[in-house]
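Here is the structure we will look at, set down as structure tokens.
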Amino acid sequence: MSKYWSELTKGLVPYVPGEQPKVQNLIKLNTNENPYPPSPKVIEAIDGFDKQRLRLYPDPNSDVLKQALADYHEVNKNQVFVGNGSDEVLALAFMAFFKQAEPILFPDISYSFYPVYCNLFEIDYQQLPLNEAFEIDLAGYPAENGGVIFPNPNAPTGRLLSLDQLRNLLQRNTESVVIVDEAYIDFGGESAIALVDQFPNLLVTQTFSKSRSLAGSRVGFAIGHEELIEGLERVKNSFNSYPLDMLAVTAAVAALQDEEYFETTRNKIIDSRDWLTAELQQLGFEVLPSAANFVFTRHPEHDAAELFAKLRERAILVRYFSATRIDQFLRITIGTQAEIEALVFALNEIIG
Ligand SMILES: Cc1ncc(COP(=O)(O)O)c(C=O)c1O
């Protein structure tokens, strides 16, 4: 604590990202990265990038990427916003839409960055409990609110809401912005982008970090009504004119052009998720149904913190959260088939 900090800085409780250890040969299943490299087209595009151009500022509007996303998702370019990872897009959206008289609503078990943004931007919030099956119960969300946000599929549970459930909420909740954070949607869900033309208060965010293997490039985006996008642009242009660098834009555009690679890698992850789920169940684990690139699982007889520690001793890193209600769960990212086979082998040794 420094006397030079503002009162706001003193009160911050920053988000703590999953560990990025420098240890060699670690099986890293803790931050929901994609185990496969970016598409060969991405590598080729970066190799072919004219490095001389780096002396110039990038396009402040990232128009090429916005147009590529608009074409891909069949919307207009003015319905697309891009940012430095979906974390930045979310932060700007909190700033643009959520500072209201009423508190915003999100689930009690959800992406732990949401309360951090509320703290930073001094936004009131209310967390609504997941039901007994760890599902988001949108029917219980009161219509009086300053905004609504949840991931779909939810993190860290992996549980998915259907478009019908989202439509029901949006039909009732017309007076505040609803953000659907679709960081993991490509691993098994239907995107709410299909609903943006019907609901002017719906903003859908997605990322290149997971299904496009570009976590290191930091590219995220939002799609919604052009007035929401204009609001985001106002905030972005009051903060940082150039959030996306030239290489990030080059990589993201090339990733969108390789549908075949995208399909192959996401299907491999979905197949490995199904395989891992069955193996964990064989070992006596309960596994929540997941539509994401991770599973959330607990064992009735083995303490999660101990399992986490014993896996770590074997150079396998998964994610453990000590929060109430979920302190007996492990979140395991779907790695390559070989990686999750090594995980199952280790679990057999530990509890077998
Ligand atoms: C639910 C959710 N939303 C958003 C993000 C942010 O992703 P990025 O900033 O890499 O786009 C994450 C990252 O793990 C996430 O789990």
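Each reported figure results from applying straightforward, stated rules to the coordinates on display, with no laboratory input. Fair warning: this is a prediction, and the values are worked out from it, not measured in the lab. Cβ atoms come from the backbone with ideal geometry, glycine included; neighbour counts cover every protein chain shown.
Exactly one of these conditions fails for ASN168: (1) assigned to a loop (DSSP other than H, G, I, E, B); (2) without any contact (Cβ under 8 Å) to a residue 60 or more places away in the chain; (3) among the polar types (S, T, N, Q). Give me its number.
Checking ASN168 against (1) assigned to a loop (DSSP other than H, G, I, E, B); (2) without any contact (Cβ under 8 Å) to a residue 60 or more places away in the chain; (3) among the polar types (S, T, N, Q), the one that fails is (1).
If you scan the range 108-142, which residues turn out to be within 16 Å of the ligand (Cβ to nearest atom) and assigned to a helix (DSSP H, G or I)?
Of everything in the range 108-142, those that are within 16 Å of the ligand (Cβ to nearest atom) and assigned to a helix (DSSP H, G or I) turn out to be PHE113, TYR114, PRO115, VAL116, TYR117, CYS118, LEU120.
Counting just the residues of the range 63-91 that are more than 14 Å from LEU244 (Cα to Cα) and within 12 Å of the ligand (Cβ to nearest atom), which one comes out surrounded by the most Cβ atoms within 10 Å (Cβ to Cβ)?
LEU90
Does the range 216-261 hold any residues that are among the small types (Gly, Ala, Ser), assigned to a helix (DSSP H, G or I) and over 26 Å from LEU56 (Cβ atoms), and which are they?
Step one: of the range 216-261, the residues among the small types (Gly, Ala, Ser) are 216-217, 220, 222, 224, 231, 238, 241, 248, 251-252, 254-255.
Restricting the remaining residues to those that are assigned to a helix (DSSP H, G or I) gives 216-217, 231, 248, 251-252, 254-255.
Of everything in the range 216-261, just one residue is among the small types (Gly, Ala, Ser), assigned to a helix (DSSP H, G or I) and over 26 Å from LEU56 (Cβ atoms), namely GLY231.
Part of a strand (DSSP E or B), in contact with a strand residue (DSSP E or B) (Cβ under 6 Å, 6 or more places away or on another chain) and either acidic (Asp, Glu) or surrounded by 18 or more Cβ atoms within 10 Å (Cβ to Cβ) (or both) - does that describe any residue in the range 182-196? Quick ask: steps written out before the conclusion?
Let us first name the residues in the range 182-196 that are part of a strand (DSSP E or B), namely none.
No, there is no match, as no residue in the range 182-196 is part of a strand (DSSP E or B), in contact with a strand residue (DSSP E or B) (Cβ under 6 Å, 6 or more places away or on another chain) and either acidic (Asp, Glu) or surrounded by 18 or more Cβ atoms within 10 Å (Cβ to Cβ) (or both).
Could you count how many residues in the range 304-327 are in a loop (DSSP other than H, G, I, E, B), exposed (fewer than 13 other Cβ atoms within 10 Å of the Cβ) and of a type outside the set (Ser, Thr, Tyr)? Steps first, please.
Keep residues of the range 304-327 that are in a loop (DSSP other than H, G, I, E, B), which gives 314-315, 318, 321-327.
Those still in the list that are exposed (fewer than 13 other Cβ atoms within 10 Å of the Cβ) too: 322-325.
Of the ones still in play, those that are also of a type outside the set (Ser, Thr, Tyr) are 323, 325.
Qualifying residue count, the range 304-327: 2.
Of all residues in the range 197-213, count the ones that are within 9 Å of the ligand (Cβ to nearest atom), assigned to a loop (DSSP other than H, G, I, E, B) and in contact with a helix residue (DSSP H, G or I) (Cβ under 6 Å, 6 or more places away or on another chain).
Number of matching residues: 2.
What residue, among those in the range 143-158 that are in a loop (DSSP other than H, G, I, E, B) and of a type in the set (A, V, I, L, M, F, W, C), is nearest to PHE321 (Cα to Cα)?
Applying the first criterion (in a loop (DSSP other than H, G, I, E, B)) to the range 143-158 yields 143-147, 152-158.
From what is left, the residues that are of a type in the set (A, V, I, L, M, F, W, C) are 143, 155.
Numbers: ALA143: 31, ALA155: 12 Å.
By that ranking, first place goes to ALA155.
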